Amino acid sequence: MKNSSNKICIGSANFALNYGYKKKKLNKKNIRKIINYSHKRGINYIDTAINYGITHKILGKFNLKKFNIITKIPTPPKNIKSIKKWCISNVIQAKKTLRIKCIYGLLIHDTKILHNKINANEIFEALDFLKRKKVINKVGLSIYDPSELDEYFDKYNFQIIQFPFNIFDRRILNSGWLKRLSKKKVELHARSIFLQGLLLLDLKKIPKKFKKWIKNFNKLDLFVKKKNISKKIACVSFVRKFSKINKFVIGINDINQIKDNLSLFIDKAVKIPTHLEVKSQKLINPKMW
């Protein structure tokens, strides 16, 4: 992988929200540095969402012409007259706030909104309209579990799937969906490759609520010590092996982390054993934290 920058997508959840196990958000000065440095290094994808607080407003203050923006449509409020109109107006407003000509990728943030057939059809009609009007380029799903793909993938021509994937969480691989999506030429965007930073922690710093899985954290700790590598190298080595994944959505706290991540995607990868996998949803699914 000679050009590591084309695999990285900047995650912006921490631009305006208290995000991750630390519940930390960035200041605007830091965000400016991250965006400017990313542009210089050829990182030209940013992942955001309509319901990431004022993140769109913050991003809209920068020149995003060189970036491909991926955003997500939230769950519609109850008792609205037309989900179709609501969806269209929200996405058009997002484009205006971001001050871009076209949203590269629009993802459905919560697949449950597709459970009701009538609502789903209205959303699909809205997506068709937005594509025709060139407000958006591609449509996708942001999933928390591969079972969502069993239920919804065939309902629409989805071109991007964003999914969690890391040393502990291998559900997308075990389900067979990674291979299936790749064959269908769907863009694959992996997120949570560090499990929101949890996988990088020193054993002593693991928060109390995660102590019940200390055996799993211990196994990872023993492995990296045996190999004489950092946990970050182990995490990136694991996901890098899957060359069919197009983007890795990575949250960044400062430009030093970008430099570090770029080098990790170039350095020689280490083989990661299967026994480090964890099955417990309460650990691997941040929605359940």
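The values are calculated or read from the model by the stated rules, or taken from the named source; none is laboratory data. If you're wondering where the values come from, they're calculated on a predicted model, not measured in any experiment. Positions of Cβ are generated from backbone atoms using ideal geometry, with glycine treated the same way; all protein chains shown enter the neighbour counts. These area figures cover heavy atoms from the full protein model, side chains too; ligands, DNA and RNA do not enter into them. Shrake-Rupley method; radii C 1.70, N 1.55, O 1.52, S 1.80 Å.
If a spin label sat at a point 7 angstrom from the Cα of residue 157 along the line to its beta carbon, the backbone N atoms of the stretch 102-144 nearer than 12 Å would be those of 128-129, 131-132, 138-139.
Rolling a 1.4 Å probe across the protein heavy atoms gives the stretch 168-289 an accessible surface of 53 Å² per residue. Taking all protein chains together, 48, 274 sort by accessible area into 274, 48, largest first [probe 1.4 Å].
Name the shape class, rounded, prolate or oblate, that the alpha-carbon gyration tensor gives for the stretch 55-100, where a ≥ b ≥ c are the square roots of its eigenvalues, rounded holds for a/c under 1.5, and otherwise prolate holds if a/b is larger than b/c and oblate otherwise. Prolate is the answer for the stretch 55-100, as a/c is 1.5 or above and a/b outweighs b/c. Annotation: amide H of residue 12 within the under-5 Å range of 47, sequence separation 5 or more or interchain, hydrogens built in the peptide plane.
Could you rank 7, 25 by how accessible they are, 1.4 Å probe, largest area first?
Ranking 7, 25 by accessible area, largest first, yields 25, 7.
Sorting 111, 97 on solvent-accessible area from highest to lowest, probe radius 1.4 Å, gives 97, 111. Model label sites at residue 205 and residue 282, defined 7 Å from Cα along the beta-carbon direction, differ in position by 2.5 nm. Protein heavy-atom surface of the stretch 94-195, 1.4 angstrom probe: 48% of the accessible area is carbon and sulfur, with nucleic acids and ligands not counted.
Near residue 153: Cβ cut-off under 13 Å, other residues only, Lys/Arg at +1 and Asp/Glu at -1. The net charge is -1. The loop-placed chymotrypsin sites (Phe, Trp or Tyr not before Pro) in the stretch 156-260, going by DSSP, include none that has at most 11 neighbouring Cβ atoms within 10 Å of its Cβ.
Per-residue 3J(HN,Hα) values for the stretch 100-117, derived from phi via the Karplus relation 6.51 cos²θ - 1.76 cosθ + 1.60 with θ = phi - 60°, read 10, 6, 8, 7, 4, x, 10, 10, 7, 6, 9, 5, 4, 5, 8, 5, 7, 4 Hz in sequence order (x marks Gly and Pro). If you wrap the Cα atoms of the chain in a convex hull and average its projected area over all directions, you get 14.9 nm². Solvent exposure of residue 179, expressed as accessible area, is near 140 Å², computed with a probe of 1.4 Å over the protein chains only.
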